[in-house]
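Engineer: One structure is given below, represented as structure tokens, and several questions about it will come after.
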Amino acid sequence: QVQLVESGGGLVQPGGSLRLTCAASGSSFSGYAMRWYRQAPGKQRELIATIYSSATTNYADSVKGRFTISRDNAKNTVYLQMSSLKPEDTAIYYCNTARGLNNYWGQGTQVTVSS
């Protein structure tokens with residue numbers, strides 16, 4: 001079992017920045033990929049960033065160059081640094097990891113980009 005808890009969301013103006021945090025517990029952390037997804041109202045959940053155990057990262061084109069995923073294995077924590085935020089980044093952001101066929105999700109944190 002893995003428990004994931006996201007934090008750091010909020011209201012930010014266009015062009016602003018936020019850092020999301022996902023704290024993991026209940027299972028080994030460092031050997032597994034961690035992912036950030038988001039879901040905007042009326043849209044499907046979208047994978048936006050992945051960080052592997054090797055620290056290799058992948059990003060969706062929609063956030064590439066603006067968002068940075070990182071991890072601190074000593075703290076069992078993954079981060080998503082978001083910069084140059086746009087109104088279209090408004091969504092609930094979810095942390096995710098998998099153990100075999102089991103997917104684990106946090107409760108999500110709301111990010112709203114608006115003036």
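Engineer: If we sort 31-43, 78-90 on the protection proxy, mean other Cβ atoms within 10 Å, highest first, what's the order?
Structural biologist: Top of the packing list down: 78-90, 31-43.
Engineer: Any idea how far apart S27 and Q39 come out in nm if each label point goes 7 Å out from Cα toward Cβ?
Structural biologist: According to this spin-label approximation, the distance is 1.9 nm.
Engineer: Where Lys and Arg each count +1 and Asp and Glu each count -1, what net charge lies around C22 among other residues with Cβ under 15 Å from its Cβ?
Structural biologist: Computed value for this residue: +3.
Engineer: With a 10 Å radius around each residue's Cβ, average the other Cβ atoms per peptide and rank 1-7, 53-59, highest first.
Structural biologist: Highest mean packing first, the order is 1-7, 53-59.
Engineer: Do you know the relative contact order of the chain, to the nearest whole percent, from alpha carbon pairs under 8 angstrom that are 6+ apart?
Structural biologist: Computed over the chain, the figure is 37 percent.
Engineer: Let me ask you something else. Suppose R0 equals 30 Å; then what is the FRET efficiency for N102 and D61 from their Cβ-Cβ distance, rounded to the nearest 0.05?
Structural biologist: Using R0 = 30 Å, I get an efficiency of 0.60.
Engineer: Could you provide, to the nearest whole Å², the per residue accessible area of the chain with probe 1.4 Å?
Structural biologist: 52 Å²
Engineer: What nm value, rounded to one decimal, do you get for the distance between S17 and K86 when each label is placed 7 Å out toward the C-beta?
Structural biologist: If labels sit at S17 and K86, their model points lie 2.0 nm apart.
Engineer: Among rounded, prolate and oblate, which fits region 23-62 when a ≥ b ≥ c are the square roots of the eigenvalues of its C-alpha gyration tensor, a/c under 1.5 means rounded, and a/b larger than b/c means prolate?
Structural biologist: The shape class here is oblate.
Engineer: Follow-up. Round to a whole number: what % of the accessible area of region 1-98 belongs to carbon and sulfur, probe 1.4 Å?
Structural biologist: Whole-percent figure for carbon plus sulfur exposure: 47.
Engineer: Here's something else I'd like to know. If you put +1 on each Lys and Arg Cβ and -1 on each Asp and Glu Cβ, how big is the dipole of the chain around its Cα centre, in Debye rounded to 20?
Structural biologist: 100 debye
The values are calculated or read from the model by the stated rules, or taken from the named source; none is laboratory data. Since the structure is predicted, the reported quantities are computational estimates derived from the model, not experimental observations. We place every Cβ from the backbone using ideal geometry, glycine too, and count neighbours over all the protein chains shown. We work out accessible area using only protein heavy atoms, side chains counted, and drop any ligands, DNA or RNA first. Shrake-Rupley method; radii C 1.70, N 1.55, O 1.52, S 1.80 Å.
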